[in-house]
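Have a look at the structure below before the remarks.
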Amino acid sequence: MAKKRWISETLFEPNGFRMSYEVERVLYEQQTKHQHLVLFEHKLFGKILMLDGATQVTTRDEFIYHEMMSHVPILAHGKARNVLIIGGGDCGIAEEVLKHKAVKHLTQVEIDASVIAFSKEHFPEFTKPVFRDKRFESVIDDGMKFVAQTDRRFDVIIVDSTDPQGPGAVLFTKEFYAACKRAMAPGGVMVTQNGVPFLQPDELVTSIGYFKSLYADAACYVAAIPTYVGGQMAMGWAAKDKKLRQHTARTIAARYRKAGSFKTRYWTPDVHVAAFALPRFIAEHVSKAKRK
Ligand code: SAM
């Protein structure tokens, strides 16, 4: 029997660290205009999408990241009507955002049409409900360009980007965060995919430092996603209103009931609040950034 192919997460190669997956079947592989894209089946994690050697989404644990990147900012905001996703090509976050019936319009700005095209074929569980929903608008563009030019204002901005390499690098710059602030409505909030602090501390410190210079509230919250290797993942938090992060689980629970108490598998009102309680080493990264 032919030896099986192994595909490695190469994001941490500079640290002398690789994690590899034994491939059951490659479903799609392409060097797109922007990045290397491979989608394959794995016996434990289901379908796995990797872009430029970094794990993006697996069907086994996607619910953790997608729920935490959508329900936390929307329920903390409390009156989100216009939501913007930068990146998000697999549409997993869009699917969660659209569970909030009070959201009137969701715009997703994805740079690589290929990611959406094959997600329609291979992640129909995300893309079908999303593209059927009249509130959803898909824009193919560089997120940096979009937020710099748009005259629209968004209550919640979700930066579901790749890591700071290739086309994703620009989404970790002060210019980008400043442009998001311009495109954010009063009282708005932005959350960002901000890596795994145990392996990527500088990325978090830099982002929080920029947030601190631009927004009223700069923080992060955490969740452990098995295939984002290296421990808890940090989601950056940049808000125009400090109160958004201070709601009690009771308030969040009441908002969740009003939103229809849709099914979740990771997020709960208590997990929402607890996610902002940071392990000391991560809290130290955040306060170091704030001293900058
Ligand atoms: N959940 C994943 C993670 O945490 O790494 C991210 C998922 S999603 C697949 C990331 C998306 O960001 C990709 O589809 C990629 O094409 C898109 N992207 C990268 N740079 C971008 C940019 N400058 N503007 C818009 N989308 C971008």
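Just a few scattered comments:
- Test: residue in the stretch 81-89 that is of a type in the set (S, T, N, Q), touching an Asp or Glu at 6+ places or on another chain (Cβ under 9 Å), open to solvent by 50 Å² or more (accessible area, probe 1.4 Å) and in contact (Cβ under 8 Å) with a residue 40 or more places away in the chain: yes
- I74 being of a type in the set (V, I, T) and not in a strand (DSSP E or B): yes
- Residue within the stretch 245-253 that is among the small types (G, A, S), more than 21 Å from I157 (Cα to Cα) and either exposed (fewer than 15 other Cβ atoms within 10 Å of the Cβ) or assigned by TED's automatic domain parsing to the domain that holds F17 (or both) present: no
- The set of residues in the stretch 187-217 that are among the charged types (D, E, K, R) and within 16 Å of V72 (Cβ to Cβ) contains only D217.
- Number of the exception - Q108 against (1) crowded, with 21+ Cβ neighbours inside 10 Å; (2) touching a residue at least 60 places away in the same chain (Cβ under 8 Å); (3) within 20 Å of D155 (Cβ to Cβ): (2)
- Any hit, the stretch 96-104, residues being of a type outside the set (K, R), part of a helix (DSSP H, G or I) and surrounded by 24 or more Cβ atoms within 10 Å (Cβ to Cβ): yes
Each row is one residue, and each column tells you yes or no for (1) on the phi > 0 side of the Ramachandran plot; (2) within 17 Å of the chain's Cα centre (by Cα); (3) more than 10 Å from the ligand (Cβ to nearest atom); (4) exposed (fewer than 15 other Cβ atoms within 10 Å of the Cβ).
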| residue | (1), (2), (3), (4) |
| --- | --- |
| M144 | no, yes, no, no |
| V147 | no, yes, no, no |
| R152 | no, no, yes, yes |
| D155 | no, yes, yes, no |
| D163 | no, yes, no, no |
| F176 | no, yes, no, no |
| G187 | yes, no, yes, no |
| Q193 | no, yes, no, no |
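- For the stretch 214-229, a residue qualifies if it is touching a residue at least 60 places away in the same chain (Cβ under 8 Å) and surrounded by fewer than 17 Cβ atoms within 10 Å (Cβ to Cβ), and the qualifying residues are A224, P226.
- Residues of the stretch 11-63 that are assigned to a strand (DSSP E or B), over 25 Å from A113 (Cα atoms) and among the charged types (D, E, K, R): E22 alone.
- Checking each residue in the stretch 230-244 for being open to solvent by 30 Å² or more (accessible area, probe 1.4 Å) and under 18 Å from A277 (Cα atoms) picks out G231, Q232, K242, K243.
- Residues (open to solvent by less than 30 Å² (accessible area, probe 1.4 Å), among the aromatic types (F, W, Y) and over 18 Å from G195 (Cα atoms)) located in the stretch 5-26: Y21
- Within the stretch 127-142, the only residue that satisfies the criterion of being part of a helix (DSSP H, G or I), open to solvent by 50 Å² or more (accessible area, probe 1.4 Å) and either within 16 Å of the ligand (Cβ to nearest atom) or under 13 Å from E110 (Cα atoms) (or both) is F131.
- Among the residues of this structure, S119 does not count as one that is open to solvent by 10 Å² or more (accessible area, probe 1.4 Å), assigned by TED's automatic domain parsing to the domain that holds V196, assigned to a helix (DSSP H, G or I) and near the ligand (Cβ under 9 Å from one of its atoms).
The values are calculated or read from the model by the stated rules, or taken from the named source; none is laboratory data. Please read these numbers as outputs of a predicted model, since none were measured by experiment. Quick reminder, even Gly has a Cβ in these numbers, built from the backbone with ideal geometry, and neighbours come from all protein chains shown. Note: accessible area is taken over every heavy atom of the protein model, side chains too, but ligands, DNA and RNA are not part of it. Shrake-Rupley method; radii C 1.70, N 1.55, O 1.52, S 1.80 Å.
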